[in-house]
Amino acid sequence: MKNKIKNNLLGEGKTKKIYTTKNPHEIILHYKDSLTAGDGLKKEFLKDKGILNNEITTFIFKYLNSCGIKTHFIRRINNREQLCIKVDMIPLEFVVRNIITGSLSKRLGIKEGTLSKNPIFEIFYKNDALNDPLVNDHHAVFLGVVSYEELNIINKITFNINNILKKYFLEKNILLVDFKIEFGKDEKNEILLSDEISPDTCRFWDKKTMKKLDKDLFRKGKSEKIVIDTYMEVLKRLNID
Ligand code: UDP
């Protein structure tokens, strides 16, 4: 159903739709129920996943805003939608790893679950045709999608976000294993944290049991109920002060 302030569809990604609003500097993000893994090869719909990720992202972005991190988030409008500042997205994914797992564990031959003393930063170039390759700062600047100055700013913000969220989740008995964030630039060219932060984009492990509380359950073929119940569990923990 058409929302009063929602205008035209501006774009659609794997998990969200973007709508224009009457204000040219604001957009509406609509969270879908779709879920993909392996560069979109595995695709499914999980009923109400969009509602949960909208709520979880709202919690996290509000918290980051309160800690002084500048984000595109303005407010949650309804159970699937958020009002956000319109930004030009930088086509890079910034990944931070605190605990070694997944592909990095295989690539470096390090045991799964090894704690890294230094957070490991990685950059991926968002390009479906190339399967989002891993790049370094120089590649990113060469590609013309970001400058060295902007990368410096992004690195500082990313480092802060990691420290804030690691502590925040630990209070909820969750280990922030790794996560992916994206940035955009507003009309004044200011860099804002954009997109979402949810169990789709982070690896969360229960501190006591080391149970996975994220999209890895979907990647590993767990049932829809198990995945949705787990996302609900994350939301429940965020709700507890
Ligand atoms: N990630 C994401 N979107 C992507 C790729 C990665 O949100 O397109 C997140 C993922 O959920 C995880 C972290 O970034 O928390 C590292 O993911 P990666 O795909 O690199 O996993 P790995 O290579 O370790 O299996």
Cβ pairs under 6 Å, 6+ apart or interchain, first in segment 217-229 and closer than 11 Å to Lys42 by Cα, second modelled with pLDDT of 95 or more, ordered by first then second residue, are Phe218/Val227
May I ask you to list the residues in segment 121-150 that are on the phi < 0 side of the Ramachandran plot, modelled with pLDDT of 95 or more and among the charged types (D, E, K, R)? Glu122, Lys126, Asp137, Glu149, Glu150
Kindly list the number of the only condition in (1) outside any strand (DSSP E or B); (2) within 12 Å of the ligand (Cβ to nearest atom) that fails for Lys156. (2)
For segment 164-241, which fully contained strands (runs of 3 or more DSSP E) count at least 1 residues that are of a type in the set (Asp, Glu) and within 13 Å of the ligand (Cβ to nearest atom)? 174-185
Is it the case that some residue within segment 233-241 is of a type in the set (A, V, I, L, M), loosely packed, with under 12 Cβ neighbours inside 10 Å and within 16 Å of Glu55 (Cβ to Cβ)? yes
Considering only residues that are surrounded by fewer than 19 Cβ atoms within 10 Å (Cβ to Cβ) and farther than 30 Å from Lys211 by Cα, look in segment 53-76 and name the one that is nearest to the ligand (Cβ to nearest atom). Lys70
I'm told Ile99 meets every condition in (1) away from the ligand (no atom under 16 Å from the Cβ); (2) farther than 17 Å from Tyr31 by Cβ; (3) in contact with a strand residue (DSSP E or B) (Cβ under 8 Å, 6 or more places away or on another chain) except one. Can you identify the failing condition by its number? (1)
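The values are calculated or read from the model by the stated rules, or taken from the named source; none is laboratory data. Predicted model, so just to flag it, every value in this text is computed and none were measured. Here Cβ is always computed from backbone atoms with ideal geometry, including for glycine, and neighbour counts include all displayed protein chains.
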